[in-house]
1. Could you tell me how many degrees, from 0 to 90 and to the nearest 10, lie between the Cα long axis of helix 3-17 and the main elongation axis, the longest principal axis, of the Cα atoms of the chain?
2. Using just the helices of the chain, give the 222 nm mean residue ellipticity in deg cm²/dmol: DSSP H runs with n ≥ 4 each add -39,500 (n - 2.57), and the total is spread over all residues, rounded to 500.
3. Near Lys50, which lysines are there with a Cα under 24 Å away, not counting those fewer than 8 places off in the same chain?
4. How high is the relative contact order of the range 3-94, given as a whole-number percent (alpha carbon pairs under 8 Å, six or more residues apart)?
5. Mean 1/r over all different Cα pairs, inverted: what Kirkwood radius does the chain give, in Å?
6. Using the Cα centre of the chain as the reference point, and only Cβ charges (+1 on K/R, -1 on D/E), how large is the resulting charge dipole? Debye, rounded to the nearest 20.
7. Along the charge dipole of the range 40-83, pointing to its positive end and built from +1/-1 on Cβ of Lys, Arg, Asp and Glu, which listed residue (Val77, Tyr55, Leu65) has its Cα farthest out?
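No lab work stands behind these numbers, since they all come straight from the coordinates. These numbers were taken from a predicted model, which means no experiment stands behind them. No Cβ is skipped: glycine too gets one built from the backbone with ideal geometry, and neighbour counts run over all protein chains shown.
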Amino acid sequence: MTLEQTNDLQRVKIFNALADEKRINIIRILSQEENCPRCTDIGRSLGISKSNGSYHLKILSDAQLVTIKREGVTKYVSLNTDMFKQYLPGFLATL
């Protein structure tokens, strides 16, 4: 597989991940946060269940748009700004 094909596969993952209003709202929330919120806080902000929040965060994580770090039983989520700069420059400013 060439580098170009690898980049195209990543683009497909990114656009599939962003093809949902809840996931765009998650990105919006994260872009406005200074600290890394807990995954449960994201779900509460959107009024969705824990399992639904986990589902959406997993899709964003698989697309490498967010990073999820575990500390004990708590998971914290943050934006992977490098991925946005590489594939979607200027996108975060539009939120």
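1. 30
2. Computed ellipticity for the chain at 222 nm equals -17500 deg cm²/dmol.
3. Output for Lys50: Lys13, Lys22, Lys58, Lys69, Lys75.
4. Relative contact order here is 28 percent.
5. One decimal place: 13.7 Å for the Kirkwood radius.
6. 320
7. The residue sitting most towards the positive pole is Tyr55.
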